[in-house]
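Asks: Below is a structure I'd like to ask you about.
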Amino acid sequence: MKCTIHSEHGSIMVIPREDSMVRLYIQIASSTDADWNPKKTATESQVQESAKRILQPYSIEWERVEWYSVYPIGQGISERYTLDQRVFLGGDACHTHSPKAGQGMNTAFLDALNLAWKIHAVESGFADRHLLETYESERKSVAESLLDFDNRYAKLFSERQPAASEVQAASSGEPHENEFIKTFKEACEFTSGYGVAYGANCLNWSPNHPAQSPLMHPKGTKLRPGSIFINADVTRVVDANVIHLEQEVPLNGSFRIFIFAGNPCVSRQALLDFANGLSGARSFYAAYTRPDVDKVSHHEIHNPHSLFFTLCTVLASKRSRIEISRDVPDVLARYRDHVYADDIWDRRVPNAKAAAHAKMGLDEEKGGVVVVRPDGYVGVVASLVEGSGTVDALNDYFSAFCAKKFS
Ligand SMILES: Cc1cc2nc3c(=O)[nH]c(=O)nc-3n(C[C@H](O)[C@H](O)[C@H](O)COP(=O)(O)OP(=O)(O)OC[C@H]3O[C@@H](n4cnc5c(N)ncnc54)[C@H](O)[C@@H]3O)c2cc1C
């Protein structure tokens with residue numbers, strides 16, 4: 001079982017592994033030692049001796065050691081993540097912390113993901129170079145929160161050991177939270193990646209964003225620009241498979257535009273106007289049409305028109321009532337593998353008729369449009385209305401960082 005053991009000789013963290021192995025984080029020195037040296041190293045048998053001392057009066061023997069390493073735990077964050085947006089730092093090169101939260105590699109991966117799609121967008125001529133400035137501001141603030149969390153987490157463990165009842169309460173959703181339970185839950189958010197929330201900038205809409213349409217961020221939406229897209233299960237219309245909507249578009253550098261189309265009987269005209277607006281020559285969508293659009297294979301499911309956008313349409317209707325050729329305008333219907341029925345019950349919104357709409361906080365009749373960045377974070381949410389308003393709003397949003405402007 002995963003646990004931490006403290007004794008007067010130091011501490012050990014125990015993490016069960018595959019094939020009946022166990023990983024032990026064994027303290028061999030402390031910064032409070034008189035002869036403290038952060039570069040201190042130790043042989044395998046010295047580390048084992050340390051473990052034996054800490055575990056007294058219990059004993060431990062090894063059948064074999066799969067791997068061992070000695071490392072200092074240090075917190076650090078580099079002042080800059082980039083030099084003039086030409087040289088970039090990511091991973092352990094710019095932030096280190098204790099391995100307790102298991103976040104080092106996770107954070108390094110997310111640094112790489114955040115940077116990779118932005119470099120692609122700039123180098124392919126889609127985005128302005130200033131988009132790259134958001135790498136440092138977004139990822140450095142995540143590392144700062146992680147270091148702050150890491151400090152509090154380590155302090156909680158070293159000051160007072162949680163009682164077994166508190167550990168139980170934290171994992172069973174006990175309503176009365178104390179400091180330990182709160183921090184434990186925060187740890188889960190970090191470990192799952194859901195704790196990351198980027199601040200407002202040209203990508204993550206806020207009332208200070210240059211796109212000022214009143215259709216932005218409709219009342220009631222539960223989506224937050226800068227946070228991960230909310231999970232939802234829906235039925236893919238063409239093959240009746242129930243799928244996780246948030247996993248449908250691969251990480252391929254495309255913005256994912258989720259058109260929650262509401263009830264087709266109510267929103268038909270708005271959906272048609274939206275589709276017409278997208279096809280208009282001055283729209284953000286048409287501006288980045290693939291040069292080889294006439295030769296694209298019939299089997300291309302994610303990027304038939306543009307390498308920078310994938311359109312997904314979710315109708316608040318039962319699958320059996322949806323007829324793509326009748327209910328979905330051509331430009332959206334071309335993405336036939338991305339047309340979905342919002343007809344899967346969800347216990348988080350038990351009374352909703354269209355659970356995915358409800359989970360997003362969008363009107364189940366009128367819908368709404370959600371722009372999700374290529375890395376899965378919400379960029380902006382807009383109402384779906386009749387006329388050109390919705391596409392105009394998105395034109396303004398994309399004008400804030402695209403190389404082309406659309407007003
Ligand atoms: C014991 C331990 C347990 C951990 N457990 C977890 C965990 O459970 N979950 C988690 O998310 N993270 C964990 N981490 C943290 C994780 O391993 C690191 O955060 C992650 O490896 C950082 O990746 P990186 O690519 O930034 O750096 P590194 O993995 O250090 O990669 C840098 C690479 O650059 C190479 N290099 C260095 N200098 C040069 C040079 N001059 N020229 C060419 N190559 C060079 C190095 O050899 C190395 O291969 C753990 C770390 C430790 C020490």
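The values are calculated or read from the model by the stated rules, or taken from the named source; none is laboratory data. The model shown is predicted, which means the values in this text are computed figures rather than measured ones. Here Cβ is always computed from backbone atoms with ideal geometry, including for glycine, and neighbour counts include all displayed protein chains. Side chains included, ligands, DNA and RNA excluded: accessible areas come from the protein's heavy atoms. Shrake-Rupley method; radii C 1.70, N 1.55, O 1.52, S 1.80 Å.
Asks: Over 30 Å between Cα atoms, which of 2/155; 295/359; 52/155; 118/353 qualify? It would help to have the intermediate numbers written out before the result.
Replies: Values: 2/155 19 Å; 295/359 38 Å; 52/155 25 Å; 118/353 38 Å.
Beyond 30 Å between Cα atoms: 295/359; 118/353.
Asks: Here's another thing I want to ask about it. Out of the DSSP beta bridges found with both residues in the stretch 233-399, what percent are antiparallel (nearest 5)? Mind showing how you got there, number by number?
Replies: On the way: 15 of 25 bridges.
So the antiparallel bridges amount to about 60 percent of the total.
Asks: Aspartates and glutamates within cross-link reach of residue 39: Cα-Cα under 18 Å, excluding same-chain residues under 8 positions apart?
Replies: Here the aspartates and glutamates satisfying the reach criterion relative to residue 39 are 92.
Asks: Next question. With n ≥ 4 as the cut-off for DSSP H runs, can you work out [θ] at 222 nm for the chain, using -39500 (n - 2.57) per run divided by the number of residues, rounded to the nearest 500? Walk me through the numbers before you get to the answer.
Replies: Working: 11 runs with 126 residues, N = 407.
Calculated from helices alone, the mean residue ellipticity at 222 nm is -9500 deg cm²/dmol.
Asks: Ignoring ligands, DNA and RNA, what percent of the accessible area of the chain is carbon or sulfur (1.4 Å)?
Replies: Numbers: 10960 of 21060 Å².
Roughly 52 percent, rounded to a whole number.
Asks: With springs only between Cα atoms under 10 Å apart, run a GNM on the chain and tell me which of 374, 329, 38 wobbles the most.
Replies: It is 38.
Asks: Another question, if that's okay. Starting from the Kirkwood radius over alpha-carbon pairs of the chain, derive D by Stokes-Einstein at 20 °C in a medium of 1.002 mPa s and give it in µm² s⁻¹. Each step should come with its number before you reach the end.
Replies: Working: Rh = 24.1 Å.
Translational diffusion coefficient: 89 µm²/s.
Asks: Helix 389-399: angle to the longest alpha-carbon principal axis of the chain, degrees 0 to 90, nearest 10?
Replies: Result, in degrees: 50.
Asks: Just want to confirm a number: the relative contact order over the chain, from Cα pairs under 8 angstrom separated by 6+ residues, in percent. Intermediate values should be presented prior to the final figure.
Replies: Values: 659 pairs, mean separation 64.9, N = 407.
Relative contact order for the chain comes out at 16 percent.
Asks: So, for the chain, what is the accessible surface per residue at a probe of 1.4 Å, expressed in square angstrom?
Replies: Working: 21060 Å² over 407 residues.
Accessible surface, normalised per residue, equals 52 Å².
Asks: A follow-up question, please. Once the Cα atoms of helix 264-279 and of the chain are each reduced to a long axis, what angle between those two axes, in degrees from 0 to 90 to the nearest 10, is obtained?
Replies: 90
Asks: Next question, about the same structure. Treat the stretch 310-407 as a sphere of radius equal to its Kirkwood radius over Cα pairs and apply Stokes-Einstein at 4 °C in a medium of 1.567 mPa s; give the translational diffusion coefficient in µm²/s, rounded to a whole number. Don't jump to the answer; show the numbers that get you there.
Replies: Values: Rh = 14.9 Å.
For these conditions, the coefficient is 87 µm²/s.
Asks: Based on a Kirkwood Rh over C-alpha pairs, give the Stokes-Einstein translational diffusion coefficient of the stretch 233-399 at 4 °C and viscosity 1.567 mPa s in µm²/s.
Replies: Reported coefficient: 82 µm²/s.
Asks: Residues with beta-carbon under 12 Å from that of residue 270, excluding residue 270: net charge, scoring Lys, Arg +1 and Asp, Glu -1?
Replies: Details: positive: 268, 366; negative: 273, 363, 365, 386.
Surrounding charge for residue 270 is -2.
Asks: Which FRET efficiency value, to the nearest 0.05, do you get for residue 224 and residue 63 by plugging their Cβ-Cβ distance into 1/(1 + (r/R0)^6) with R0 = 60 Å? Intermediate values should be presented prior to the final figure.
Replies: On the way: r = 49 Å, r/R0 = 0.82.
Plugging the Cβ-Cβ distance into 1/(1 + (r/R0)^6) gives 0.75.
Asks: Name the shape class, rounded, prolate or oblate, that the alpha-carbon gyration tensor gives for the stretch 65-112, where a ≥ b ≥ c are the square roots of its eigenvalues, rounded holds for a/c under 1.5, and otherwise prolate holds if a/b is larger than b/c and oblate otherwise. Kindly include the intermediate steps, with their values, before the conclusion.
Replies: Working: a/c = 2.46, a/b = 2.08, b/c = 1.18.
Because a/c hits 1.5 or more and a/b exceeds b/c, the stretch 65-112 counts as prolate.
Asks: Something else: Packing-wise, with mean Cβ within 10 Å as the measure, how do 128-134, 308-314, 53-59 rank, highest first? Mind dumping the intermediate values first?
Replies: Working: 128-134: 16.7, 308-314: 25.0, 53-59: 11.9.
Most protected by this proxy first, the peptides run 308-314, 128-134, 53-59.
Asks: Return the subset of 182/222; 222/405; 318/366 for which the Cα-Cα distance in this structure is over 27 Å, preserving the input order.
Replies: On the way: 182/222 22 Å; 222/405 29 Å; 318/366 16 Å.
Distance filter (> 27 Å) returns 222/405.
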